[in-house]
Amino acid sequence: MKTLLATLILSLACLCNITAAQTDGHAIENLDGQQFVYPGASVHYVESQIIGESYELRVSLPAAYTQDSTADFPVVYILDGQWDFTVAADINGKLIYDGMIPPVIVVAITWAGENVDYGAKRQRDFVLTENVQIPGSGGAANFLAALEQEIIPFTEILFRTSGHRTLMGSSLGGLFTTYAMLEKPELFDGYVALAAPYDVEQAYFQNRMAELAGTDELRKVRAYVGAGSYDLNRAQVVEMAALLRMSNLKGLRLKKHIISGFGHAGATPAGYSHGYQYVFKRPKLKLPASALEQFVGSYELAPGYPPLEIVAGLFKLQLIQPGLTLDFYAQSETEFYVLGSDIELEFIPGEEGAMTMLLKQSGGTYALIRTE
């Protein structure tokens, strides 16, 4: 147990390559020439009566899903799952491991069948207005209805979901994501839109934001819009972010991000990484010194084990071991987290000044008692 306590924190740097795919109990066999299947993933099909189309959902569950059979989880819906499922699932696993986001379910949406013309399907489902320069376009309203009435209910029946939803898309998928945010802001809590060609729907966006201007209909939304610095759509993304801000959408939390050194497609992994973290950004409560000082002291797992020292800083607590100091930020009056590692502290006051500190890491919980 002594070794376990010592490695709870100090071993983190050695384990940074573990991903969700590697922690779900599925081994990757070295079978020469066999098609690779993403470990732990499942595939499901939704027959849309609204569109008359079969959709394939590629699903990745966090390790915590099987570890705790009573827990519910947020869902991140990824458009263009034929391209972005493995990217989104890998990023998700790494950010969960680092404690930057909670465990989430990834549901990547694509079109079922063989020899699918993805270009034609995307133009139909992601573009709202019929455009002679975009053959087959004009079906985004139907796809949004299918998403709301068929795909999301299917997912929430099949899996234990918390009701917190995020939608992510790039290029035409980013265009649709922004349309969905303005048309149905209550459908998702977070929206991540990358590299969108907003000029395609310029009239819609101007009219819709004029309707929404000054309202609080997006008050619960966190939105991330981004593009690579070399992306030809970069200026359109900058203009969209400015239009959203000028519309005085009360309560909307918005981040615009131009990602240095990337083009149109290459910005997707970086954009999704930043988007995940923005959507699930934890609070940093500025607790007064008096609230922090009640937790200060030496905490011990058992007699004879090296103690962990807790001291108070400016709006944070610090955990100190020889050669290591970690900063913990308050997400409530008794719960604290560290950035970049999956470590949390929770303090439970007892009688006559007694204090228990629960150290939580990677699904494990360890109770330490304050000794002085």
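The values are calculated or read from the model by the stated rules, or taken from the named source; none is laboratory data. Only a predicted model underlies this, so the values are computations on that prediction, with no experimental measurement involved. Note: ideal-geometry Cβ built from the backbone for every residue, glycine included; neighbour counts use all protein chains shown. In case anyone asks, the SASA skips ligands and DNA or RNA and just uses the protein heavy atoms, side chains included. Shrake-Rupley method; radii C 1.70, N 1.55, O 1.52, S 1.80 Å.
Computed values, structure above
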quantity	calculated
Test result for L194, surrounded by fewer than 21 Cβ atoms within 10 Å (Cβ to Cβ) and either among the aliphatic types (A, V, I, L, M) or over 18 Å from G174 (Cα atoms) (or both)	no
Condition met for E47 (at pLDDT 95 or above, open to solvent by 70 Å² or more (accessible area, probe 1.4 Å) and either over 30 Å from L339 (Cα atoms) or part of a strand (DSSP E or B) (or both))	yes
Any hit, segment 325-338, residues being farther than 30 Å from Y224 by Cα, open to solvent by less than 30 Å² (accessible area, probe 1.4 Å), of a type outside the set (S, T, Y) and assigned to a loop (DSSP other than H, G, I, E, B)	no
Identity of the residue in segment 339-357, aliphatic (A, V, I, L, M) and open to solvent by 30 Å² or more (accessible area, probe 1.4 Å), that ends up modelled with the highest pLDDT	I348
Scope segment 240-253; condition under 23 Å from the mean Cα position of the chain (by Cα), within 16 Å of L175 (Cα to Cα) and without any contact (Cβ under 8 Å) to a residue 40 or more places away in the chain; matching residues	A241, L244
Among the candidates T129, T110, T161, residue that is β-branched (V, I, T) and open to solvent by 40 Å² or more (accessible area, probe 1.4 Å)	T129
So K286, is it charged (D, E, K, R), under 30 Å from A63 (Cα atoms) and open to solvent by 40 Å² or more (accessible area, probe 1.4 Å)	no
Any hit, segment 174-183, residues being at pLDDT 95 or above, open to solvent by 50 Å² or more (accessible area, probe 1.4 Å) and closer than 28 Å to D72 by Cα	yes
Selection status of V279, open to solvent by less than 50 Å² (accessible area, probe 1.4 Å) and of a type in the set (A, V, I, L, M)	yes
Test: N207 is open to solvent by 70 Å² or more (accessible area, probe 1.4 Å) and either free of Cβ contacts under 8 Å to residues at least 24 places away in the same chain or touching a Lys or Arg at 6+ places or on another chain (Cβ under 7 Å) (or both)	yes
Residue pairs meeting the criteria (Cβ under 8 Å; at least 6 apart or on separate chains; first in contact (Cβ under 8 Å) with a residue 60 or more places away in the chain and part of a loop (DSSP other than H, G, I, E, B), in segment 264-276; second open to solvent by 40 Å² or more (accessible area, probe 1.4 Å) and among the hydrophobic types (A, V, I, L, M, F, W, C))	H264/L232
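Residue-wise test of (1) among the acidic types (D, E); (2) closer than 28 Å to A89 by Cβ.
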| residue | (1), (2) |
| --- | --- |
| E211 | yes, no |
| V221 | no, yes |
| S229 | no, yes |
| R245 | no, no |
| F262 | no, yes |
| A270 | no, yes |
| V279 | no, yes |
| S290 | no, no |
| Q294 | no, no |
